[in-house]
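Have a look at the structure below before the remarks.
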Amino acid sequence: MSYMKKSTQPTRATGPLRATLLTTSAVLLTASALSLTPALPASAADQPDKEPSKSATKKAGPPANMSKIGGPQLGKPGTQVNLGAGAPVLPKDLTAKSWIVTDAESGDVLASHNAHWQLPPASTLKMLFADTLLPKFPKTTTHKVVPSDLAGMGAGSSLVGVKENFTYTVHDLWLGVFLRSGNDAVHVLSAMNHGVPQTVKDMQAHAQDLQAMDTNVVSPDGYDAPGQHSSAYDLTLFARSGLQKADFREYASTATAKFPESQKKGKTTSRFEIQNTNRLLTGDVGLDAYKGIAGVKNGNTTNAGATFTGVAERNKKVLLVTVMNPDSKESHAVYKETARLLDWGFQADGKVTPVGTLVPPKSAKSPGSGTAGSASPQGEAGPAKPAAHATASTDNSSGVGIALAITGGVLVVLAGGVFLVRKKWPLRAKS
């Protein structure tokens, strides 16, 4: 039916997020422990989640007709859900302009609300930036920052603390992008990619390949710009594509890391700690880390409001949820509404009929065919590949108490627990 309603070493994730929870308290990273990080330089700490702009959000309803990519029901305004017998009702306290709940593996859209409404994305657009540029530079590549690299950033941008004349590894810069949503790191990586205009062009081309037709890229960092927009559906496509890349998974699930603070002759002599601004990953005052969370990206600007895409696992089910611009007075509204939708999605598994699907990229190959896929805009993808086999056992004789025998999986230590990540995706694997 359809209805209307208002760590010094970074934690690493290197599997496309079929996670099996391993109950081992010795390796849990708690939200309270993460909250004890030292104060950051003012440039990185003043507004870690915000990138203010001069624009004001205009209250307006969704278009009567939106894109039907992924299925015709997704093009309808309002809440779309097909409840079956025993299915839980959707949470009542949802205020976001747009949201979507999807099965990360099958691509099924379990429920949505204005999924294709074109809205400002804020820093969640950095998922597309990362998915586009990550394959271009090995993480060990170094770059010395020149003044022109940092030109053109919006006033009040969130920063990780990149300094002119410092030499950074690509690994450092990506930590700055994912953890601190650093526009300075984005601009340096863009400079390495022949500049912001070329990067915008590359991002737009990649969005087109992903069939993210609601997206128009103007600024690679997601900073408010006239004509820049995306949708909850498209942001979920970006996350799903990115999560098939090992480096993307690593950075998206990193809770804390060290960033260069001082250098001598191009060599880093000291580092300061940075913490991920994804509050469902790290937790915060009045907000617990979400059990099973494994990324992905948050954002906040004046025009976009708060935006967030998160991926989490429970009982071998992996869900992606995107929430855009909640109109709520409660603290951490975008995270709390995401958590409610994740809870609902896990409870509704097998009890709802999908309202649509996440389409594969145009360049994706049909499994076993060796030729380009012919998926239609309605998202008729091929059958899912079998999950990679993985096993795990505990060994309390070690300090951490974990021993793994893994084929196609990897140990991941996150704020919510320890996970064995395994792969099961209907799309081709990406390096």
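What the table below lists for this structure:
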item	result
Partner aspartates and glutamates for LYS97 [C-alpha distance under 20 Å; skip if fewer than 8 residues away on the same chain]	ASP49, GLU51, ASP214, ASP224, ASP234, ASP327, GLU330, GLU337, ASP343
Positive-end extreme of charge dipole, segment 84-201 - chosen from GLY156, SER123, ILE100 (charges on Cβ)	GLY156
Fraction of accessible area attributable to carbon and sulfur, segment 134-265 (%, probe 1.4 Å)	57
Heavy-atom surface of segment 142-237, accessible at 1.4 Å and reported per residue (Å²)	30
Which listed pairs, of LYS139/LYS317; LYS139/LYS265; LYS163/LYS264; LYS316/LYS351; LYS126/LYS351; LYS136/LYS245, have C-alpha distances above 23 Å, in listed order	LYS139/LYS317; LYS126/LYS351
Rounded FRET efficiency, nearest 0.05, which uses the C-beta distance separating VAL285 from GLU261 and R0 of 25 Å	0.45
Two-site FRET efficiency, SER331 against LEU83, from Cβ-Cβ distance with R₀ of 22 Å, rounded to 0.05	0.15
Per-pair calculated FRET efficiency, R0 = 30 Å: HIS194 and ALA64 via Cβ, rounded to 0.05	0.15
Trypsin sites (Lys or Arg not before Pro) restricted to DSSP loop in segment 205-303 with at most 11 other C-beta within 10 Å	LYS265
For segment 71-187: rounded, prolate or oblate by the Cα gyration tensor [a/c cutoff 1.5]	prolate
Phi to ³J(HN,Hα) by Karplus 6.51 cos²θ - 1.76 cosθ + 1.60 over segment 166-176, Hz, x for Gly, Pro	8, 9, 10, 7, 4, 4, 4, 5, 5, 4, x
Distance in nm between pseudo-label sites at THR269 and ALA205 (7 Å out along the Cβ direction from Cα)	4.3
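The values are calculated or read from the model by the stated rules, or taken from the named source; none is laboratory data. Keep in mind it's a predicted model, so treat the numbers as computed, not measured. All Cβ positions, even for glycine, are placed from backbone atoms using ideal geometry, and neighbour counts span all protein chains on display. SASA here: full protein model, heavy atoms, side chains in, ligands and nucleic acids out. Shrake-Rupley method; radii C 1.70, N 1.55, O 1.52, S 1.80 Å.
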